[in-house]
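Please treat every number below as a calculation from the coordinates, not as lab data. Note that the structure is a prediction, hence the values are computed from the model and not measured. Neighbour counts are summed over all protein chains in view; Cβ atoms, including those assigned to glycine, are modelled from backbone coordinates with ideal geometry.
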Amino acid sequence: MTVYKNIKGDPIETVATDPSNPIEGDIWYNTTTGTLKGLGFRAAAWASGGNLNTGRTGLGGAGSQTAALAFGGTVATPATPGNPFKNESEEYNGTSWSEGNNLVNASYNRAGAGTQTATILMGGASYTNPPASFNLISNTEYYDGTSWSEQNDMNTARYVAAGCGSQTSSLVSGGSAAPGRVANVEEWNGTTWSEVNDLPSSTQQHALSGTQTAALQASGNDGSLTSTCLLYDGTNWTTTTSVTTARSALASGGEGATTSSSIVFGGHITPAPSGYQQTEEFTGSGTETKTVTTST
């Protein structure tokens with residue numbers, strides 16, 4: 001039988017409270033809770049979550065894995081007078097979705113970031129008298145949980161882009177601006193937008209979650225549907241575990257959680273571009289504390 005002391009050089013530590021700074025491989029016995037614990041490696045993975053009440057494509061998203069916000073979009077593409085852009089919002093509590101406050105103006109493929117009650121929207125598309133007047137927009141708006149207000153515009157007008165971060169420190173990536181997909185990335189400091197390093201490839205209709213300096217980009221369309229996911233460290237983009245189902249026009253929530261948790265939802269898959277309800281939850285790679293059931 002393998003003896004822990006022979007591996008680590010020390011016996012299992014007995015403590016009244018869990019250590020504040022354990023390292024991977026450490027094991028200890030908590031006398032207060034009567035549990036044996038250890039810090040082990042956790043592999044990245046996706047799991048199913050609750051379905052949206054209204055399946056839709058081209059929606060926006062913000063918030064976290066247990067407090068997400070979905071808004072706008074359309075139930076099928078292209079939008080028509082009988083099937084217009086949506087102004088509905090839904091709130092996610094980590095298990096299920098419920099109706100929230102509506103957008104002031106129905107819109108399509110706007111990037112979003114922030115929380116359920118402090119959201120920022122970037123770019124997108126709007127129309128009047130659909131579908132004749134389809135317009136790309138560069139404007140930025142704030143939502144305070146009750147109302148929306150106009151902010152300074154992005155440098156590049158686009159739609160089907162993705163955003164993450166907070167109202168005063170956010171990131172927008174990719175999207176479509178005439179004549180097609182872009183790899184352009186911009187950062188927001190609460191007042192103005194500035195250009196930063198581009199994506200590895202021009203991508204649109206993807207999801208983005210996390211913060212301005214620790215972001216996760218998921219799936220989308222880079223010429224075809226892709227399951228590729230990317231991590232951003234504030235400067236560079238690198239690949240990570242792919243989503244289970246490649247799709248486009250999806251949305252996400254997961255503020256500040258790229259190495260621990262995120263969520264993607266909605267969108268559409270080939271062949272029919274109709275609203276898709278599936279939700280996937282992401283758990284990033286890293287270490288985690290594990291509890292072993294013991295008897296005394």
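Length available on full extension from Asn155 to Asp18: 0.36 nm per residue minus the Cα-Cα distance, which gives 44.4 nm. In sequence order, segment 174-184 has phi-based couplings of x, x, 10, 9, 2, x, x, 4, 10, 9, 4 Hz under the Karplus curve 6.51 cos²θ - 1.76 cosθ + 1.60, θ = phi - 60°, and Gly or Pro positions carry x.
Using the Karplus relation 6.51 cos²θ - 1.76 cosθ + 1.60 with θ = phi - 60°, the per-residue 3J(HN,Hα) values for segment 157-169 come to 5, 6, 10, 6, 8, 9, x, 7, x, 10, 4, 10, 7 Hz, with x marking Gly and Pro.
A crude spin-label estimate for the pair Asn51 and Thr239, with each label 7 Å from Cα along the Cβ direction, gives 3.2 nm.
Treating each Cα of segment 117-221 as one equal point scatterer and applying the Debye formula with no solvent, the log10 of I(q)/I(0) at q = 0.18 Å⁻¹ comes out as -0.84. A straight chain from Asn105 to Thr192 at 0.36 nm per residue would run longer than the Cα-Cα distance by 29.0 nm. Residue by residue, segment 202-212 carries 3J(HN,Hα) couplings of 5, 9, 9, 6, 9, 10, 9, 9, x, 10, 5 Hz when phi is fed to the Karplus relation 6.51 cos²θ - 1.76 cosθ + 1.60 (θ = phi - 60°); x denotes Gly or Pro. Under a 5 Å amide H cut-off, with hydrogens placed 1.01 Å from N, His206 pairs with Asn221, Ala249 among residues at least 5 apart or on other chains.
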